[in-house]
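As structure tokens, the structure follows; a few thoughts come after it.
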Amino acid sequence: MPVSKRTHINKAASASGNHGRTKPEPRWPASLSVTVAVVLYVVLPNTLIIGPRYLIPALELVLLLPLSILNPYREVHETKALRFLAIGLIALVNLANFASLALLVYRLLNSANVNAKTLVYAALAVWFTNIIVFGLWFWELDRGGPAKRNTHHERNPDFLFPQMTQPSLAPGNWSPNFLDYLYVALTNATAFSPTDTMPLSSAAKALMSGESVISMLTVIIVAARAVNIL
């Protein structure tokens, strides 16, 4: 990207954010999404779960609880330990969901007796969890994470939102929140490509590519097999 173009984007990002931010972003929307992912995992059939049914959900809640209590707002003084804990939680949810998808595909390829309804419900749970997981990844990645975003500690933007190129479309102190990143994950999972928000960094492009591949496996392979069974 030319220097002048990147400079324009960085200025737009600065103009759309409030670097004197006094209200840190609350964690509860992300915590609620993690809780939904835990519930979706618990309702999966036994054949798509690794180990005891409540082992991984319990581990996820053990990680989520201290984050919600010790750091309910993503503030600039967030410790490295808390950020590491937050990233570890997302990674755990991601690995559990990927394992469920792998087991689902394996069953489709190696089992003739597959309950169609169970298959559809499991595929939906995996697909929605995939959206939640990557919404969390995008939220934690962009400009160094929610604790650093719109402060003098932030780095160059990883995502280009429409409000960053056209600040007149949003309030002067606009900044993307968790729901914005969840929407990016939803549109990327349905379109298999970026829609209104563009990835700028290599990390953002890699995450969006990974989400698209997982979504494609879930929607195309699993759904096509389900329709064939029905």
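Each row is one residue, and each column tells you yes or no for (1) at pLDDT 85 or above; (2) in contact with an Asp or Glu (Cβ under 8 Å, 6 or more places away or on another chain).
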position	(1), (2)
F159	yes, yes
P162	yes, yes
S168	no, no
G172	no, no
P176	yes, yes
D180	yes, no
A185	yes, yes
N188	yes, yes
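Note down all Cβ pairs under 6 Å where the first residue falls in the range 85-105 and is free of Cβ contacts under 8 Å to residues at least 40 places away in the same chain and under 18 Å from Y121 (Cβ atoms), the second is hydrophobic (A, V, I, L, M, F, W, C) and buried (at least 23 other Cβ atoms within 10 Å of the Cβ), and they're at least six residues apart or on different chains.
Sorted first by the residue in the range 85-105, then by its partner, the list stays empty.
Give just the number: which of (1) surrounded by 15 or more Cβ atoms within 10 Å (Cβ to Cβ); (2) at pLDDT 90 or above; (3) over 15 Å from W127 (Cα atoms) does L65 not satisfy?
Failed condition: (1).
Out of the residues in the range 28-62 meeting the condition of being among the small types (G, A, S), farther than 21 Å from L104 by Cα and surrounded by 13 or more Cβ atoms within 10 Å (Cβ to Cβ), tell me which one is farthest from the chain's Cα centre (by Cα).
Here the residue is S31.
Just give me the residues in the range 200-220 being more than 23 Å from V105 (Cα to Cα) and buried (at least 21 other Cβ atoms within 10 Å of the Cβ), in sequence order.
A204
Tell me, which residue of the range 173-195 that is in contact (Cβ under 8 Å) with a residue 40 or more places away in the chain and in a loop (DSSP other than H, G, I, E, B) is surrounded by the most Cβ atoms within 10 Å (Cβ to Cβ)?
Among those that are in contact (Cβ under 8 Å) with a residue 40 or more places away in the chain and in a loop (DSSP other than H, G, I, E, B), it is S175.
Filter the range 119-163 for residues that are of a type in the set (D, E) and assigned to a loop (DSSP other than H, G, I, E, B); which is surrounded by the fewest Cβ atoms within 10 Å (Cβ to Cβ)?
Among those residues, the one meeting the criterion is D158.
State yes or no: is L207 under 12 Å from the mean Cα position of the chain (by Cα) and outside any loop (DSSP other than H, G, I, E, B)?
Considered against the rule, which asks whether it is under 12 Å from the mean Cα position of the chain (by Cα) and outside any loop (DSSP other than H, G, I, E, B), L207 comes out as yes.
The values are calculated or read from the model by the stated rules, or taken from the named source; none is laboratory data. Not measured: the values here are computed from a predicted model. Note that we place each Cβ from the backbone using ideal geometry, even for glycine, and neighbour counts take in every protein chain shown.
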